[in-house]
Amino acid sequence: MRIVKEAKERRNEILDASEKLFIRKGFDYTSITDILNEVTIARGTLYYHFKSKEDILDGMIERLTSKLLKKAEAIMEEKEIPILQRLTIMMKALNVNDDLGHEIMEQVHKPQNALMHQKMQESLLAGIHPLITALIREGIDQGICRTEYPAEAAEMTLLYSQTVFDDLAEYSEEERNRKVRGFIYNLERLLGMEEGSMQKSILPIFEKER
């Protein structure tokens, strides 16, 4: 008897199988045939849900982005954590730290996948921007931050942090330390904060990782 599955369930099943293969073999060395064999479905069924292997990768990026945003939203609600620490933890939560995430990001960073990289960045920006803006406004209300452009400051913070916290970037320890300190230094000025106030709050977050 042929098993008929709901479209969403089948789509997720294809994505799950593809994720395993991409981790095991890498994106470039995984074929559509490999995916068909892993899911045990007909080629027509796969193409009903995805037009190509790149389209499957796009679907994986959407799922990954959704997971990252949920993590950020959860951090936002942890009111017992000071604002500046929540802001930093939220930025770091947007950085992938598992095999699948690294495999996806390696593909996204390739020149031929520039459109996917742009789509992922736009998706993250659209989802996380209101959260960062809300944190900055909270800081303004508490007298920690002084800026008339909280939304614009949030956008700059997100774009800059994606460079500083990118695990795929090949920085030496000295270069990364300098980037972290530069991030803190510039963010203090961007948000109109007292010099050194952010270092006291968030530098220990980075030092714990060593």
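How about segment 1-64: which chymotrypsin sites (Phe, Trp or Tyr not before Pro) there are in a DSSP loop, with at most 13 other Cβ atoms within 10 Å of their Cβ?
Those that pass, being in a loop and sparsely packed, are Y29.
Within 10 Å, Cβ to Cβ, of K119, how many net charges do the neighbouring residues add up to if Lys/Arg are +1 and Asp/Glu are -1?
Charge balance near K119 sits at -3.
Defining a contact as two alpha carbons under 8 Å apart and six or more residues distant in sequence, what relative contact order in percent does segment 9-89 show?
Once divided by the residue count of segment 9-89, the mean separation gives 25 percent.
Once phi is turned into ³J(HN,Hα) by the Karplus curve 6.51 cos²θ - 1.76 cosθ + 1.60 with θ = phi - 60°, what whole-Hz value does each residue of segment 86-91 show in order, with x for glycine and proline?
With the stated coefficients, segment 86-91 comes to 4, 4, 5, 4, 5, 4 Hz.
For segment 10-102, rounded, prolate or oblate, judged on the Cα gyration tensor with a ≥ b ≥ c (square roots of eigenvalues), a/c < 1.5 rounded, else prolate if a/b > b/c?
Because a/c hits 1.5 or more and a/b exceeds b/c, segment 10-102 counts as prolate.
Quick check for you: with a 1.4 Å probe and neighbouring chains kept, what is the accessible area per residue of segment 1-65, in Å²?
60 Å²
Leaving out ligands, DNA and RNA, and with a 1.4 Å probe, what % of the accessible surface on segment 1-93 is carbon or sulfur?
That fraction is 52 percent.
The values are calculated or read from the model by the stated rules, or taken from the named source; none is laboratory data. The shown structure was predicted, so the numbers you read here are calculated from the model rather than taken from an experiment. As a convention, Cβ positions derive from the backbone with ideal geometry for all residues, glycine included, and neighbour counts pool all protein chains shown. What goes into the accessible areas is simple: the full protein's heavy atoms, side chains included, and nothing from ligands, DNA or RNA. Shrake-Rupley method; radii C 1.70, N 1.55, O 1.52, S 1.80 Å.
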